[in-house]
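The values are calculated or read from the model by the stated rules, or taken from the named source; none is laboratory data. These numbers come from a predicted model, not from an experiment. Here the Cβ positions follow ideal geometry from the backbone for every residue, glycine too, while neighbour counts run over all protein chains shown.
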Amino acid sequence: NAGVTQTPKFRVLKTGQSMTLLCAQDMNHEYMYWYRQDPGMGLRLIHYSVGEGTTAKGEVPDGYNVSRLKKQNFLLGLESAAPSQTSVYFCASSWSYYGYTFGSGTRLTVV
Amino acid sequence: DQQVKQNSPSLSVQEGRISILNCDYTNSMFDYFLWYKKYPAEGPTFLISISSIKDKNEDGRFTVFLNKSAKHLSLHIVPSQPGDSAVYFCAASLSGSARQLTFGSGTQLTVLP
């Protein structure tokens, strides 16, 4: 059982570069989420999706875009990376409010 | 403004004793509360939850208590074990189609052998 797989696990970007984080789940979950974790801030919701082809903004969406072209994949894009986007990014999927399954995270550093 | 607050960044307890982790919330519309556990370099994993219609839920060594009037919940771990050492996140959910979770900032629990 793979669950939720995030790629890459680590990445260093230069300011202004772009990149895409990939999240893939094999549990046929409808809902998918992208969170970022920063020291002292807990996990904050960036964007989420309630089904294939749908996306919505969370608490901290600025500087990010997402796409859910296939039910199993949820992509998070950074068009022009900034040092403030240095964080650990977690993807999650769920079928209910208590069914969140998280990936192992992507540690992103923007220099 | 954080709607879910964990005011203790860290907690140390002796093995075999009780660990009590606390969480406060401000939004009275939250109707479901959860605790997640996180080890380093891993994603959070679900631990235990409670609906707003209950005041207590038990699962083995873990018990969550909810005090709606005080907007406070707590997680009790009895007895604590060294393997319980992790970061614990409190989370809350509003009724709605997407069931987004709002997380607290986490408490690092260290269980000393």
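Structure summary
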quantity: Subset of the stretch B:19-55 that is part of a loop (DSSP other than H, G, I, E, B) and either in contact with a strand residue (DSSP E or B) (Cβ under 6 Å, 6 or more places away or on another chain) or of a type in the set (Asp, Glu) (or both) - its residue that is nearest to the other protein chains (Cβ to nearest Cβ); calculated: B:Gly43
quantity: Subset tally (residues that are among the small types (Gly, Ala, Ser) and under 10 Å from the mean Cα position of the chain (by Cα)) for the stretch A:60-92; calculated: 2
quantity: Per-region count, the stretch B:38-63, residues touching a Phe, Trp or Tyr at 6+ places or on another chain (Cβ under 6 Å), of a type outside the set (Gly, Ala, Ser) and buried (at least 18 other Cβ atoms within 10 Å of the Cβ); calculated: 4
quantity: Which numbered condition B:Gln81 misses (of (1) within 14 Å of another protein chain (Cβ to nearest Cβ); (2) of a type outside the set (Phe, Trp, Tyr); (3) surrounded by fewer than 20 Cβ atoms within 10 Å (Cβ to Cβ)); calculated: (1)
quantity: Residue that is within 13 Å of chain B (Cβ to nearest Cβ), surrounded by fewer than 21 Cβ atoms within 10 Å (Cβ to Cβ), of a type outside the set (Ser, Thr, Tyr) and under 23 Å from B:Asp31 (Cα atoms), where the choices are A:Gly58, A:Gly3; calculated: A:Gly58
quantity: Qualifying strands (runs of 3 or more DSSP E) (wholly inside the stretch A:58-111; at least 2 residues being of a type in the set (S, T, N, Q)); calculated: A:64-67, A:87-94, A:106-110
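Conditions tested, residue by residue: (1) surrounded by fewer than 20 Cβ atoms within 10 Å (Cβ to Cβ); (2) modelled with pLDDT under 95; (3) more than 15 Å from A:Gln25 (Cβ to Cβ); (4) away from every other protein chain (no Cβ under 11 Å).
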| site | (1), (2), (3), (4) |
| --- | --- |
| A:Arg68 | no, no, no, yes |
| A:Phe74 | no, no, no, yes |
| A:Glu79 | yes, yes, yes, yes |
| A:Ser87 | no, no, yes, yes |
| A:Cys91 | no, no, no, no |
| A:Tyr100 | no, yes, no, no |
| A:Gly103 | no, no, no, no |
| A:Thr109 | yes, no, yes, yes |
